[in-house]
Structures are given as C-alpha cells and as structure tokens.
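Worksheet for the structure shown next.
The values are calculated or read from the model by the stated rules, or taken from the named source; none is laboratory data. For clarity, every value in this text was computed on a predicted model and none was experimentally measured. Cβ: placed from backbone, ideal geometry, glycine included. Neighbour counts: every protein chain shown. To get the accessible areas, we keep the full protein, side chains included, count just its heavy atoms, and leave off ligands, DNA and RNA. Shrake-Rupley method; radii C 1.70, N 1.55, O 1.52, S 1.80 Å.
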Amino acid sequence: MALDQVNVEIVAREVIKPSSPTLNHLRKFNLSLLDQLAPVSYEPLVLLYSNLQQQLTGTNESQRLKRSLSETLTRFYPLAGRIRDGASIECNDLGAVFVESRVSCLLSKFLEKPDVEVIRKFIPVETESPEALTGSLVLVQANFFACGGLAIGVCISHKAADPVTFSTFIKAWAAAAFRSVDDSSTVLPLFNASSLFPPQNLPLTRPAAVELMNDKYVTKRLVFDASKIAALQAKAVSESVTCPTRVEAVTALIWKCAMNASRSNSEHLRYSILSQSVNLRKRMAPPLPENTFGNLVGYFASCATECEIELQSLVGQLRKGLRDFGENYVEKLGEDKAFMAVCESFQGAGSMLQEGNVDFYASTDFCRFPFYGIDFGWGKPTWVTIPAGANKNVTTIMDTRDGEGVEAWVTLTEEDMAFFERDRELLAAASLDPSALDLIMPMSSL
C-alpha cells in the first residue's frame, strides 16, 4: 500500500521514566570498547498485531505498554539515560520516548503489499538520526489501525545495544506487559561488558551530515520459502562447504545477483566485499550469557573477484570470512593487538574502496531471533519486519512467520535494482514484493 494512501497521524507523545529511580552508585554506566566502535544509528523493529483474539481499542493497550515499559527500564536502567562523553551513559532516568498514532487504513490492506516508506512511518525516529548519540536511547511508537490492529515500532540506539540485547529487552518488556503484576523472576541483563572490553580514550566522532547524492536508492522485499531454500543449499554444496546453512545460501544468492547488477551498469569488472555481523557471546571462551548487555558483535568481510561469481564459490567465501575472523580475532579478544588488527583490516578495506571499482555490501542476519514469540498480552505478532534504512547495498534478512522461510529487504541504487529485480536466478528462488497475507493464517479477522 503506497505512502500516499496511508495517513499516520501522531496523537500523543510523552516520556516514560523508570518505575523506580536508579541507585546513586549506578548513575554512571561505562560503555565497552565495542559500544564505542558501534555506529551512530538506531536499530528499528516493527511488530504488527491483528485483532484475532480481541478488538484493540488503543487506551488499554497504550497504558499496558507504558506501564510495562516503565518497569522494564528499571531493570535496563542504562537505556533510560543519555550518552554524555562517548565512553559512558549518565543513568539519569530521563526515560524513553513513547509516541501514539492512528493509522487511516486497515491492517489487512497494508499487508496486501507492504510498502517500505509506510513502514518507516511506524517508527518514531529515522534510523540514521544523530540523536542515537545524544538523545533518547529507546523510542517507541504504538500505531493503531482503524480495524483494531496494532503496529509497535521500537528503536534502540546501536551505541548501547546490539540485536541480541535488543531482543532481550523486547522479551523482558513483553513479559512485564503480559503479567498483571511485576515479577522479579524475569531474567536480568548482565552489565559486565566494559570489564571484558574496557573503553579507550577515543575521539568522540559525531555523524557527518548526509551528503546529497545523484544516486536514488530503491528497496525491495524478497521472500524465500523453505523448499526453495533447500534447493539453494543443495546447489551451494562444495568440497569446502558440505552443509551450507540457509542464511549462507540466501545471502550468497542476493550477493551474486547484486554483483551481476552492478557489473551490468559498469564498464569495468568490479571487486566485491560483503560485510556481515556475528554474535561474539557464543564464540568467546568461555561463552558469555546471551543476556550480557551491550554491543558484543563483531564484523567479518568476505571478498569476491570477477572469477568467483558462482553460488558455490560465494558460499565458500562467506564461510572462509567467518573462519578467518574466528582464527584471527575471537581467540585474541581482550588483547589490545587484536583490536589493532581489526582496525588495520578495516583500514585495508577502506583503501580498496578508495581505489575505485570496488562494491561494498553489508548484510545483517536476524534469523532465529524470537520476535514472532513476542506477546504483550493480545497474542503473538501477525507479521514482524525490520524497516530498511537509507543506505545502499544493504540487506537485512529474518525468518518468515513459520520459522522455515526467509524474508529479505534489499536496498540498491535505482540502476542496480532495475537489473537485480529481473534476475532469472533470483526470481526462480524468491518471490519479489509478495503480499504478507500469503504468509499469515488465518486471515479472516484482519
């Protein structure tokens, strides 16, 4: 449903503070080195709920969301504070922003053809906003549809949280909302990342102003069902990777088709680099609990030349990039020389990019995150999505509702997308911008 067909009207905006004040000795929260190196941006998430179980009217749901958010901010007290010096959060209980809106259309109409520009209206702040460094660390927007449906848009500053911490926070918030009274049995976050990765005296860099560019960016949504993913995995098998994962198979195909599109629009063969993130918690020795708070994420790069364009080769490069990351960095985490090596690797990639004829892509994997289990008291989500940002050559992938398929949002230049969306191999494996209703059963009450 196009943006000009949907009106999202903001009707209320307030600040939600923690239900209990933060103790004096907790008023300063040190960021870890990995927090300091995190990008200045917000991580967004939109959870959409139909009125399958009950008619959502707005008032009761808003009060429940605000009460439980207040309780959750007490447990996740740094998220109610503000970043002050680039190395710490002042836990001053300034709180989170809570916005309420009314959406003019029916949820079912929106789901017939989800539009990325409309989805962006469901979140309370632009993902690239510099407020991620200086303003509220958590912002929420509750969007009530005319039919009684609800879309909850949540943004959390990447300077304070990675996707795993984001997920932990959302689960704790939903658990608090689902209960009628506070329950101290909820798993609490562990605030020890700065002792594992002490902050450094780094210059406080603020995001540069976005430059106006001639390129126009286009975002498309792809859906891969389980059978097509299985076929991709079988096609990607090689001596070096005998059991490709579904994420590797899907990521490699998108990368391949994006490279083909770029090279079709270029007079020269282009070198390609794909960056992916990885959760460090499970890769540490010993592993860290999943509720360890903050940015515990690493980034590894995979490279491809004009000779490595086949699916098998690209999956091999993805696996090699992850293996090299583990061998070169994970085992040394905590040693200063490891961070120097990481910096040098990024400097090397940057120098290649400056030389020209190099395409840089980034892919973020949200598969296996439990977002479809988030229940605030009116049932599980009908659909969950990650709003695409405004950066080119970026892919975000996550599970479909059944947990077997994969949905991907892909952003490319207008010229590259014109080739990408017509790629026969891609269209044989994925549906382009399909109705979200096809993934949801039953639909009679939407």
Using a probe of 1.4 angstrom, how much of the accessible area of segment 1-153 is carbon and sulfur, in percent?
48 percent
Starting from the 7 Å offset along Cα-to-Cβ, what nm value, one decimal, do you get for the label separation of Ala12 and Glu90?
3.0 nm
Using Cα-Cα distances under 8 Å and only pairs 6 or more residues apart, what relative contact order does segment 34-168 have, in percent?
40 percent
So, in nm, how far is label Ala285 from label Tyr299 when the simple model puts each one 7 Å beyond its Cα toward the Cβ?
2.7 nm
Mean separation of Cα contacts under 8 Å (at least 6 apart) over the residue count of segment 352-438, i.e. the relative contact order in percent, is 23 percent
Just to verify a number: what accessible area does Glu415 come out at with the full protein assembly present, 1.4 Å probe, Å² rounded to tens?
90 Å²
Of the listed pairs Lys66/Lys113; Lys216/Lys282; Lys28/Lys66; Lys17/Lys171, those with alpha carbons more than 28 Å apart are Lys66/Lys113; Lys216/Lys282
Multiplying the sequence separation of Glu310 and Thr186 by 0.36 nm and subtracting their Cα-Cα distance, what value in nm do you get?
39.9 nm
With θ set to phi - 60°, apply the Karplus curve 6.51 cos²θ - 1.76 cosθ + 1.60 along segment 20-36 and write out the HN-Hα couplings as whole Hz, x wherever there is a Gly or Pro.
10, x, 6, 5, 4, 6, 10, 6, 10, 10, 6, 6, 8, 4, 5, 5, 4
